[in-house]
Structure formats: structure tokens, C-alpha cells
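What follows is a single structure, written as C-alpha cells, with notes after it.
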Amino acid sequence: MKQAVQKWAEYYSGVENTLRNMRQVKAVATAFNTNVDAVLKINGRRLAELARETGLDWQALTEVKENKLHMPQDVIRGAFKCFSKGIAEEWLTEDIGVFNFMSEQLGFDRLQMGGQGGIVANALAVCGVQQVFCHCNSLSELQARQFLPLDNLLSFDENGAVKAAHQINRTADTPLIHWIIEFDKGDVFELDGHKVSCPKANRFIATYDPLNLRLVMDENFVDYVARQKLDAVILSGYHALTAANGGVELIEGSVPVVQRWQDRGALLHLEVASTQDKIVRKAIVEKVASRADSIGLNERETIDVLEVINEENLAKICEEDCTAVNLFDALLRIKKKVGSRRIQMHMFGLYVTLQDKDFPVSPEANRRGMCLAATVAASKAGSGHINEVKNLLWSKGMDPCAPGLEELKKLGDYIGDENLVLTGISHYEDYDVIAVPTILVEKPLTLVGMGDTISSVSLVSALGGQLIQKS
Ligand code: GLC
């Protein structure tokens with residue numbers, strides 16, 4: 001293992017270069033979901049107080065019939081469910097009463113950029129991509145303030161003029177605010193003689209968002225972007241749709257829009273995201289993931305995809321034993337059944353990419369991109385934000401984590417390549433395999449938006465490296 005640690009220190013030492021190469025990337029668009037996140041750190045005591053204030057006893061609190069917010073009490077139920085299991089979930093509501101309850105009774109510690117589209121746009125712009133176009137179906141002043149004040153970060157005003165996103169104020173738009181309720185590991189909750197300790201720092205998201213829940217599009221963005229020569233489009237925002245709201249038709253309706261971007265030569269990456277509605281999840285997989293050049297998911301989302309491609313058994317195996325080896329089998333199965341040319345999975349301690357041999361980004365470029373993504377993600381977790389260039393490489397020099405290296409070793413043994421732990425690059429059947437042990441931060445200051453950052457930085461920075469090599 002000592003040799004492996006040394007090798008990875010070597011690969012990781014290239015991150016500064018890889019970051020610099022991102023400036024070669026001319027234009028990237030992010031779509032569709034951008035919103036404002038109201039972040040609230042809650043402790044067990046306050047959560048129990050809220051349960052009591054809203055009239056929930058232990059039984060009513062723990063009785064979760066549906067992962068949905070019908071009434072204010074459901075916000076407490078969802079938060080408690082995530083707190084007690086140390087998991088991340090997002091529940092939706094269409095009831096403004098629930099939104100009012102959160103504004104009036106919960107409050108927040110800070111506002112920040114939310115939604116995969118917005119988070120990725122900020123990250124790519126600060127990393128130096130020359131032009132980043134961000135889709136916003138609502139761009140109020142409050143939303144604009146969540147954009148970094150950068151000239152390369154662009155969106156559209158109400159007349160369709162392209163401008164620095166932070167300077168736009170579409171006065172008729174209502175801000176779309178999601179509550180991000182975070183909790184710490186080890187925190188204790190007590191109610192009616194029951195005592196629960198939180199096993200893992202995580203967060204619960206409560207979302208009232210009439211526009212993103214209907215995949216409303218800004219036509220100005222859609223048309224302008226279709227006329228640009230883009231290097232990549234980072235796509236997301238389907239996860240909040242529901243079948244009852246015509247989610248499947250909305251997904252179908254978006255396909256020609258996305259196709260136009262792809263026809264102009266943009267590499268299309270879909271961030272799968274945690275999708276509660278299974279009918280919608282299946283439609284995302286069949287209609288969008290299947291035509292995306294690249295898809296990104298975490299371990300939970302990988303299992304979720306298995307469930308909608310008739311791989312329930314494998315889903316169960318991964319659920320019971322969430323190892324890199326089992327997840328690798330899952331990726332293979334998804335790759336074969338869904339058909340995207342590149343799949344990247346990020347799990348605790350390790351990123352794994354499986355791609356077609358002729359994919360336009362080489363395995364080496366992928367490895368460089370994945371090392372940079374791991375560095376930026378750890379920097380975000382450790383420093384609290386990556387709003388400034390100086391924070392991007394905050395974690396540079398930290399060792400790749402031991403659990404990641406161990407998983408990588410087992411994965412290498414499994415695919416019959418004992419060198420994988422030293423190189424991170426191999427092949428299996430007809431595919432290239434690239435796997436990178438990540439950097440772990442002991443006490444993360446933030447977790448929200450991590451997956452989005454990892455997927456986009458790794459792909460776009462890998463692209464940047466290729467552009468340099470070609471020129
Ligand atoms: C979801 C949430 C959004 C959050 C994002 C982070 O899109 O709706 O509030 O910022 O996930 O990945």
C-alpha cells in the first residue's frame with residue numbers, strides 16, 4: 001500500500017495543472033434547475049422541540065407513509081428520518097402552507113446557490129471555464145445574489161439579453177427557495193422516552209418550487225444556447241418531477257431541446273440525482289440517460305437506477321453490501337442496459353468511471369479530472385465553500401484516503417488487474433475503467449451539492465486537458 005500512496009500522491013500533484021487547463025474550455029451550459037437554498041443547521045434538541053410544538057408524539061413522528069410534504073409536520077418527519085438514519089433525502093411539496101411554515105417557524109442560517117444547474121455553474125465559472133451559461137426559470141434579485149460576481153458566468157434577462165448572471169434582476173420572478181436542514185453526527189434527539197443519536201452528518205431538503213417541479217424553461221436560454229458552439233452541457237433537474245404532474249411528458253418534451261444542443265457538438269452529461277418517483281426515474285433513465293454521452297451518480301442513485309431497469313436483485317445486493325465491487329457490477333449492468341457512453345459513480349472514498357474505448361476523453365485525462373474533482377470536493381467540504389479561486393485547492397497535498405485505496409485494491413483483484421491500485425486505469429470487457437481514491441475530510445463544513453461539483457469538475461477539466469493536448 002505504501003507504493004500505492006506514493007503513486008497517488010504523484011497523480012494528485014498534477015491538480016494545479018489540470019485546473020489551469022480548464023481555462024481552455026470555451027463554453028459550457030448548465031440546465032435546468034437553479035434555485036436558492038436556505039440552509040439551517042439543526043440540533044437534536046431543537047428538532048425535538050419542533051416535534052412537540054407541531055403536536056407530534058413519537059408514534060406520529062416516526063410514521064412515514066410517503067416521502068412527501070403534505071403538511072408542516074411532514075417537514076419534521078422527514079428531517080427526523082434523515083437525522084436518525086444519517087441519510088440524505090429531498091421531499092417535495094406543492095402546498096404554500098408548508099413553505100410559509102418553514103419561512104416563519106424554521107428560519108435559516110444563510111442563503112446560498114441551490115440546484116444542480118446553479119451550483120455547477122458557479123463551480124465551473126470559478127474554475128475558469130471561459131463562458132458558463134446557466135439556465136434560470138426564475139432570476140429574481142435574490143437568485144442573482146447567489147451567483148458569484150464573475151463576468152464569465154452568464155444568464156438571460158427578461159428581454160433575452162445575455163448578461164453576467166449576478167447583475168440580472170427579473171423583477172416579475174418569484175424566488176424559489178428550498179430548505180436544507182443539516183445535522184451533525186453524534187447529535188442526540190429525545191422524545192417521549194426515546195433517545196436517538198445521529199449516525200452520520202447529512203441533510204434533509206424540503207422543496208416548494210412550482211417552476212422546477214414543472215420543468216419550466218426559459219425560452220431565451222433554450223434558443224441562444226442552441227446557436228452556440230458548446231463544449232459540454234451539464235444537465236439535471238428532472239428529479240423533482242412527479243408522474244402525477246405530467247413528469248413523463250415533461251421529460252419527453254425536453255428531449256428535442258437537449259438534442260439540439262447535442263447536435264451542435266456539445267457533450268451531454270446528465271447528473272441523475274435522487275428521484276423519488278419511480279415512474280419519473282424510469283423515464284429519466286430510458287429517455288434521457290440513454291442518449292446522454294455521460295451520466296453521473298452516487299451509490300444511492302446507482303441502486304435507484306437498478307430498481308427501474310429490472311435489476312432488483314442486484315439492487316438488493318448493493319444495498320446490503322455497498323462495496324466498490326458490487327457497485328462495479330451495477331455500473332456494468334447499467335452501462336449495458338441504458339447505453340450511455342460514459343458512467344461515473346462517486347461513492348464514499350472512491351470514484352469509478354466506466355466508458356467506451358472510443359470516448360472523446362482519454363482514460364488519463366479522466367484520471368486527471370477525477371483527481372482534481374476529489375481535491376475541489378474536499379476543499380469545498382473542508383473550507384466551507386469554493387466561491388474563490390484560492391479555496392479550490394485548499395486540500396491539495398492531503399493523502400487519498402485509506403478506505404478508498406482498500407476498495408480500489410479489491411476492485412482491481414475483482415477485475416483481474418492487480419495494478420489498478422497503482423494506476424487507477426484498466427479495462428474490463430469492452431470498456432475502459434478509471435478509478436480514483438478520494439480525499440476525505442474529517443469534519444465537513446458542508447455537503448450539499450457535492451456530487452454535482454464532482455461530476456462536472458471531473459468531466460470538464462478532463463475535456464480541458466484534451467484540448468491542450470490537441471492544440
Ligand atoms: C436539489 C435540491 C437543491 C440542492 C441540490 C443540491 O436539486 O432541490 O435545493 O441545492 O439538490 O445538489
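Taking the centroid of alpha carbons for each part, the range 186-257 and the range 84-124 are 10 Å apart.
Taking only the Cα atoms of the range 215-368, the radius of gyration and Dmax are 15.7, 47 Å.
Taken as Cα centroids, the range 259-333 and the range 1-61 sit 20 Å apart, rounded to the nearest whole angstrom.
Computed from point charges on the beta carbon alone (+1 for Lys and Arg, -1 for Asp and Glu), the dipole magnitude for the chain about its Cα centre is near 1100 Debye. Across every pair of non-identical alpha carbons in the range 1-158, the mean reciprocal distance, once inverted, gives a Kirkwood radius of 18.9 Å. The percentage of C-alpha pairs in the range 316-384 whose separation is greater than 17 Å is 51%.
Of the beta bridges DSSP finds with both residues in the chain, what % are antiparallel, to the nearest 5?
50 percent
The magnitude of the dipole of the range 192-307, with charges of +1 and -1 set on the Cβ of Lys/Arg and Asp/Glu and taken from the Cα centre, is near 160 debye. Normalised size of the range 306-451, defined as Cα radius of gyration per 2.2 N^0.38 Å with N residues, equals 1.07.
Sorted by packing (mean other beta-carbon atoms within 10 Å per residue), highest first, where do 363-371, 190-198, 332-340, 79-87 land? Numbers along the way, then the final one.
On the way: 363-371: 25.6, 190-198: 13.9, 332-340: 18.2, 79-87: 20.1.
Ranking the peptides 363-371, 190-198, 332-340, 79-87 by packing returns 363-371, 79-87, 332-340, 190-198.
Note on the range 404-471: Rg/Rh from C-alpha atoms, Kirkwood Rh, equals 1.05. Listed by chain and number, the aspartates and glutamates placed with their C-alpha closer than 14 angstrom to that of Lys409 are Asp417, Glu418; residues fewer than eight positions away on the same chain are left out.
Suppose all protein chains stay in the model; what accessible area per residue would a 1.4 Å probe give for the chain, in Å²?
Per residue, the chain has 39 Å² of solvent-accessible surface.
Charging the Cβ of each Asp and Glu at -1 and of each Lys and Arg at +1, and nothing else, the dipole of the range 5-104 about its Cα centre rounds to 540 debye. Per-residue ellipticity at 222 nm computed for the chain from its helices equals -12500 deg cm²/dmol, with DSSP H segments shorter than 4 residues left out and the rest contributing -39,500 (n - 2.57). Which listed residue (Gln466, Leu405, His427) has the Cα farthest towards the positive end of the charge dipole for the range 372-471, taking +1 on Lys and Arg C-beta and -1 on Asp and Glu C-beta about the Cα centre? Result: Gln466, furthest along the dipole toward the positive end.
For the chain, the Cα gyration tensor yields ellipsoid semi-axes of 32, 28, 22 Å (square root of five times each eigenvalue, largest first, whole Å).
Taking each of Lys2/Lys336; Lys85/Lys278; Lys282/Lys357; Lys7/Lys336; Lys163/Lys335 in turn, the alpha-carbon distance tops 30 angstrom for Lys2/Lys336; Lys7/Lys336; Lys163/Lys335. Scoring 308-314, 70-76 by mean Cβ neighbours within 10 Å over their residues and listing the highest first yields 70-76, 308-314. For the range 158-241, the residue among Leu215, Ile181, Thr171 whose Cα projects farthest onto the positive side of the dipole built from Cβ charges is Leu215. Peptides 428-436, 213-221, 27-35, ordered by how many other C-beta atoms sit within 10 Å of their residues on average, highest first, read 27-35, 428-436, 213-221.
Surface composition of the chain: carbon plus sulfur atoms hold 48% of the accessible area, using a 1.4 angstrom probe and ignoring ligands, DNA and RNA.
The values are calculated or read from the model by the stated rules, or taken from the named source; none is laboratory data. Please read all numbers here as calculations on a predicted model, not as lab measurements. Neighbour counts run over all protein chains shown; Cβ positions are idealised from the backbone, glycine included. Heads up: the accessible areas ignore ligands, DNA and RNA and are worked out on the full protein's heavy atoms, side chains in. Shrake-Rupley method; radii C 1.70, N 1.55, O 1.52, S 1.80 Å.
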